[in-house]
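Here is the structure we will look at.
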Amino acid sequence: MENEISKTKFIPDLISIIVPVYNTKDYLRRCLESIMNQTYSKLEIILIDDGSTDGSGQLCDSYQALDSRIKVFHQQNKGAASARNLGLAKAKGEYIGFVDSDDYIKEDMYDSLHDGMETGADIVCCGTVLLFPAKMHKKPELSAKFPNPISYTKAEALKELLLVRNLDFSPCNKLYRRMLFQGIRFPDGKTCEDYPVIYELVKKSRKVDNIGKIKYMYCYRADSISKQQFRMSRMSYVLFTRDIMKDVVKEAPKLRKCAEALYIRSVVDTISDMEKCGQKDRYNSIYRRLKKLLLIMYGNICFNSYIPWKTKKKAYQIIYQRGIQ
């Protein structure tokens, strides 16, 4: 995949939008129509049917017949990472974007992000709002503190990302220069696979902009893979943030405490997920290992001002409690 990106002749100003599709038929029309109706029309819409069994693949084919910008590729179920990697291999645009097939976007999202690219940024991102099903009776939530339009140097962008402040690890609310992906791919078969990829992309960028406007609608689905009970694959979250911390210590030591805060947060979040799941006893050995890790880092937790009090409080509760509560 690395060589394919460097060898493929890209089309100037074309945005290749990669949409992994797996069993989201009930949401897919809304997603695709929000992309097809973009005010920025120079698009290549790449749909990767990841072995859907609910008719989503056939729906993709029907939309391909309606719009010449849509290209559909079918593969056996391999996961979102594999689907995105296939999309990257097929993309011909100067710019790359991602949309999840159960989400949708505002009609001027890519117009706004493309305008941001004109300032020389390598990544341009927008705000995201989290929408809940009506039956949950929950108000929409902003995914992060919402800024005014702002530009970041690489160092500033890395800090914002590590603190998950005005930048986050979602691939979907951003537009990228395609050459950033040379040598970078999503790790197949992993959970939280966005973490190492977004970190490396920001690390390679010269400038990152946030347009300061909400354009991406993330739709909460209680039945989605990411919302299911705790599984051992969730440990990838901890391992990825650990590897990011090690790299930051080596490459950008001034940001060590920011990376440490991200790592500790991943451990606390993972333990919290274990406590909520219905089969706690299965994970006692992993729980003890993670608790020991927090004990070892107790001083770091106490004196790292980048760790929110809510995370610190939960870490202290874990350290002093017995077993999984």
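The values are calculated or read from the model by the stated rules, or taken from the named source; none is laboratory data. Please read these numbers as outputs of a predicted model, since none were measured by experiment. Cβ: placed from backbone, ideal geometry, glycine included. Neighbour counts: every protein chain shown. Remember, those area values only see protein heavy atoms, side chains included, never the ligands or the DNA or RNA. Shrake-Rupley method; radii C 1.70, N 1.55, O 1.52, S 1.80 Å.
Which length gain, in nm to one decimal place, applies between Arg242 and Tyr320 when the Cα-Cα distance is subtracted from 0.36 nm times their residue separation?
Length difference between fully extended and current span is 25.8 nm.
With a 1.4 Å probe and every protein chain left in place, work out the accessible area per residue of the stretch 89-221 in Å², rounded to a whole number.
Counting only protein heavy atoms, the per-residue value for the stretch 89-221 is 42 Å².
Using the beta-carbon distance between Lys312 and Lys254 and R0 = 22 Å, what value does 1/(1 + (r/R0)^6) give for FRET efficiency, to the nearest 0.05?
0.50
I'd like the antiparallel share, as a percent to the nearest 5, of DSSP beta bridges with both residues in the chain.
35 percent
Measure off 7 Å from each Cα along the Cα-to-Cβ vector at Thr119 and Asn148, then give the distance between these two points in nanometres to one decimal.
The two pseudo-label positions are separated by 1.2 nm.
Using a Förster distance of 45 angstrom, determine the FRET efficiency expected from the C-beta separation of Ser305 and Lys92, and round it to 0.05.
The computed FRET efficiency comes out at 0.45.
Where in the stretch 87-122 does the label zone of Asp67 land, with the point 7 angstrom along Cα→C-beta and an amide N cut-off under 15 Å?
97-111
With charges only on Cβ, +1 for K and R and -1 for D and E, what is the dipole size of the chain about its Cα centre, in debye, rounded to 20?
Here the chain has a charge dipole of around 1660 debye.
Could you work out how far apart the two model spin labels at Ala155 and Thr39 are, taking each label as a point 7 Å from the Cα in the direction of the beta carbon, and quote it in nm?
Computed distance between label sites Ala155 and Thr39 equals 3.7 nm.
For a protection proxy built on the mean count of beta-carbon atoms within 10 angstrom, sort 14-25, 160-171 highest first, please.
14-25, 160-171
Given +1 on the Cβ of Lys and Arg, -1 on the Cβ of Asp and Glu, and no further charges, what dipole in debye does the stretch 167-325 carry about its Cα centre, rounded to the nearest 20?
The dipole magnitude comes to about 260 debye.
Within the set of other residues whose C-beta is less than 12 Å from the C-beta of Tyr152, count the net charge using Lys and Arg as +1 and Asp and Glu as -1.
It works out to a net charge of +1.
Quick one: pull the percent of accessible area on the stretch 167-206 belonging to carbon and sulfur, 1.4 Å probe, ligands and nucleic acids left out.
Within the stretch 167-206, the accessible surface is 51 percent carbon and sulfur.
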